[in-house]
Amino acid sequence: MSTQETSQTVVIAGAGHGAGQVVASLRQHKFAGRIVMIGDEPYLPYQRPPLSKKFLAGEMPPERLYFKPESFYDDPQIDVMLGTRVTSIDRAGHTVSTDGGAEIAYDKLVLALGSRVREVPVEGADLPGVHYLRSIADVDGIRDDMLNRKSVVIVGAGYIGLEVAAVCCQRGLQVTVIELADRVMSRVVSPHVSDYYQVQHTEHGVRLLLSTGLAGFEGKRRVRQVLTTDGQKLPADFVVVGVGILPNAELAADAGLDCADGIVVDDRCQTGDPDIYAIGDCTSHPNGIYERQLRLESVHNALEQAKTAASNICGQESHYSQVPWFWSDQYDIKLQIAGLSEGYDEVVLRGDPSAGSFACFYLADGVLIAVDAINSPREFMQSKSLIASRARPDPGKLADPEIALKDLG
């Protein structure tokens, strides 16, 4: 490695899961320069998906959340700055400034800025007992109320809301979920899958109020009631709000980088500035399979973009275009999603929902674009290659569990 390469500095703005992968991948590629990782939380990179699942339920110790052990960062060439936020980028001077007044020079900059919760602009939203779920600190607050309170109202019936509902229900709490849409997880699954989950939650004792909007929160010293747009007043010892997230793109926009529902990058995870890369939830990136720009909220996307950015920083050409995938754990039900179902015009059901294991396939103009697999890992795994190849499976054969998916390509 040349003297120039060994003297290079890569600064990573952000210290989430993706940022941790950038560090790991740079080391894997034998990057010999300096790595500076700057994150505003007081924690080393950790996994967020378990926060609303096993970690919230108390089934996962904190040390298992971390992407890598503390010793991984114990390297003289790695500087970790926690509890610190990057406030500005000087592209001409190749420096970033932090809220602590530091100015740090970079040769390459990776923006791993992640996302933040979408807040609800209603009266009483600042009352104690109204929670969002995005960080370890958020889980600590929710878990404390779970242990000491009896009833919870959850605003939003997406992944986060329903995962929290399942954990709270299994802990013996009275659980009410309100959702503006007319079915649960409406943004990501078909009515077949929504119906299945609505039945499961109802049978576990969750009260689902669909087509119901949030009007506000009431209480003196802490939240006591949730007000709905149809005039209901729902008693609540505490509240969890899960109505989506927003990309943290402001830092990039202020630096003059192109942003449109996230920081715009190419398939090398490179912004319009050749010395600045961006990864994860905060990016809008091209996907060759779907032939459009995407912004994905998934660990898989953050990790794969991190690997791509690190490879390109190290001079090893790499391009990112993969089938997106997601998952959700609720009770003993594992939902695994491959692909993106937006724009589908045909749904094919494989298996029997009443048996607790089935798959829902989505086609657009005959092309398989996505699958929702419920307790059906084989369909999930085998569908990825079909989606990637833009396969046109026969719907009748697709619906037949006796015909292997690998034979339908």
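The values are calculated or read from the model by the stated rules, or taken from the named source; none is laboratory data. Note that this is a predicted model, so its numbers are computed, not measured. For neighbour counting, all protein chains shown are included, and Cβ atoms are generated from backbone atoms with ideal geometry for every residue, glycine included.
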Legend entry - Enumeration of residues in segment 276-286 that are surrounded by fewer than 22 Cβ atoms within 10 Å (Cβ to Cβ) and either under 15 Å from the mean Cα position of the chain (by Cα) or modelled with pLDDT under 95 (or both): Ser284
Legend entry - Matching residues in segment 214-243 - criterion: being in a loop (DSSP other than H, G, I, E, B) and either hydroxyl-bearing (Ser, Thr, Tyr) or surrounded by fewer than 14 Cβ atoms within 10 Å (Cβ to Cβ) (or both): Lys220, Arg221, Thr229, Asp230, Gly231
Inset, instruction - Would you mind finding the one in Asp372, Asp345, Asp332 that is over 24 Å from Val265 (Cα atoms), in contact with a helix residue (DSSP H, G or I) (Cβ under 6 Å, 6 or more places away or on another chain) and among the charged types (D, E, K, R)? - result: Asp372
Inset, instruction - Quick one: Lys108 ticks every box in (1) charged (D, E, K, R); (2) over 24 Å from Leu82 (Cβ atoms); (3) surrounded by 15 or more Cβ atoms within 10 Å (Cβ to Cβ) except a single one, so which number is it? - result: (2)
Inset, instruction - Out of Gly219, Gly262, report the one residue that is under 22 Å from the mean Cα position of the chain (by Cα) and either over 22 Å from Tyr106 (Cα atoms) or not small (Gly, Ala, Ser) (or both). - result: Gly262
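So, restricting to strands (runs of 3 or more DSSP E) that lie completely within segment 291-368, which ones have at least 3 residues that are buried (at least 20 other Cβ atoms within 10 Å of the Cβ) and in contact (Cβ under 8 Å) with a residue 12 or more places away in the chain?
Working: elements: 292-294, 325-330, 333-339, 346-352, 357-364.
Where strands (runs of 3 or more DSSP E) fall fully within segment 291-368 and carry at least 3 residues being buried (at least 20 other Cβ atoms within 10 Å of the Cβ) and in contact (Cβ under 8 Å) with a residue 12 or more places away in the chain, they are 325-330, 333-339, 357-364.
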